[in-house]
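First comes the structure, then the notes that go with it.
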Amino acid sequence: NAEYMGVPNTDEVAKMVFWLISVPPLETSREATWAILKDRLFSGRNDFSLGYRFELPEGMKVGTLDGLVSLSDNLAKIDNFVDSVVKKVEKQFVDIDPNAELKCQNKNGDYVNVETYLTTFEWDESRYPYRSKGLQELTEMVQEQVTKMDDDIRAKSQQHNDLKSSLQSAQRKQAGNLLQRDLVEVLTGKVVAPGDFIETEHLSTVVCVVPKSQERDFLSAYEKLEPGNVVPRSAKKFAVEDREGNSVWRVVLFKKAAESFKAKARENKFSARDFTYDPTAAETVIGQRSQLENDVHRSWTSLMRTCKASFSESFIAWTHLKAIRVFCESVLRFGLPVNFVSVLLKPHARFNQKIKESLFNLYAHINKSGITANTVLEADENEADYYPYVFFEMDVERS
């Protein structure tokens, strides 16, 4: 279990930014080095940070120097990719459920928040068998797993979005006034009597939506729109009306004049709607929309489960990848035999420079870069090669 030392600073802004560092032993043992780091960085006298042991397992395969150098270059790229997937999964998770709990499953099978997971990190050999696989193989495992998670999330997210779009489209058809909405669920068997809609070889029925203020104009004009082609006194008002007072009427006419009648009706501000009456259509549409609602709910549930599992797995993978990077860079920096102390820091606000000054002073004897703590203003992995210690920043500021 990770060993912790430090006093939480209640004045600091709650930022989830950690520094993962590795240093060579200052004394005869790692424990002695840990004690010195505690005194200099997160004791009551020098309370610059929270600090935790970040233990790596004994017996990780070192491989060859050339292999480590090549792996070091690839690790930075893979780290960026895995970090981007973690953030993508997190965003997807929070987008579909703002109350989502971002947690990771630890070695004991318990779900804990990301800070607890990091600060109590233990290498999970069941996921990443370091005894039988080298660093390159472990890195490839991480990359393959996270790539698959990324593909799965993308596919499930696309499926969910497609279903949502279909449902929204179906819902939009029932929104708005009678001039806009689909009339399938308006003109149902409850308001349409047998014989209201006539469709024969020569006759057809046209539906018009008429504003309340224009009903008289409509009744006096509709037979004249296509003289000789409209059945006299065939206009009938259905018992439906929207909030704006628009109503629905039918007109029976010769089929050959239907399109011309519609055009002239629209010119006179009587909205002729394209509509074919089917007494079973409303039931069909309602059933389809209900099925879409069920499909959207099932896809949402599936996506939620996938996001929860993928966030946990991708964050675990990312943390193990950071551990691999620390091990690789520490061996390259400090040499063999493997002997270093890795520490997770959570700097208090405004104390970044104090921490670096303390580390520079502690390791001035191995600082070959020629720079001093005073020249380094902000922690940055791009500058890490110049530090007399291994340094990685972990941005885990989670929404």
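The values are calculated or read from the model by the stated rules, or taken from the named source; none is laboratory data. As the structure is a prediction and not an experimental result, all values here were calculated from the model. Here the Cβ is made from the backbone with ideal geometry for all residues, glycine too, and neighbour counts use every protein chain on show. Accessible surface is based on the protein model in full, side chains and every heavy atom, while ligands, DNA and RNA are left aside. Shrake-Rupley method; radii C 1.70, N 1.55, O 1.52, S 1.80 Å.
All of Val85, Val89 fail the test of being buried (at least 19 other Cβ atoms within 10 Å of the Cβ), over 16 Å from Lys322 (Cα atoms), out of contact with any Leu (no Cβ under 9 Å at 6 or more places or on another chain) and not charged (D, E, K, R), apart from Val89. Exactly one residue out of Asp196, Asp217 is within 14 Å of Arg250 (Cα to Cα) and either among the β-branched types (Val, Ile, Thr) or surrounded by fewer than 18 Cβ atoms within 10 Å (Cβ to Cβ) (or both), and it is Asp196. Of all residues in region 92-119, those that are in a helix (DSSP H, G or I) and either buried (at least 18 other Cβ atoms within 10 Å of the Cβ) or touching a Lys or Arg at 6+ places or on another chain (Cβ under 7 Å) (or both) total 6. Taken over region 227-245, the criterion of being open to solvent by less than 20 Å² (accessible area, probe 1.4 Å) and either touching an Asp or Glu at 6+ places or on another chain (Cβ under 7 Å) or at pLDDT 95 or above (or both) is satisfied by Val230, Ser234, Phe238.
Of the residues examined, Val69 is one that is open to solvent by 40 Å² or more (accessible area, probe 1.4 Å), outside any loop (DSSP other than H, G, I, E, B), at pLDDT 90 or above and farther than 30 Å from Arg350 by Cα.
Within the set Lys224, Lys190, Lys164, Lys212, the sole residue that is open to solvent by 60 Å² or more (accessible area, probe 1.4 Å) and farther than 27 Å from Thr276 by Cβ turns out to be Lys164. On the basis of being open to solvent by less than 80 Å² (accessible area, probe 1.4 Å) and either under 30 Å from Glu241 (Cβ atoms) or among the aromatic types (Phe, Trp, Tyr) (or both), does Ser169 make the cut? Yes, satisfied. Name the single residue, out of those in region 266-294 being open to solvent by 80 Å² or more (accessible area, probe 1.4 Å) and among the acidic types (Asp, Glu), that is farthest from Ala221 (Cα to Cα). It comes out as Glu293.
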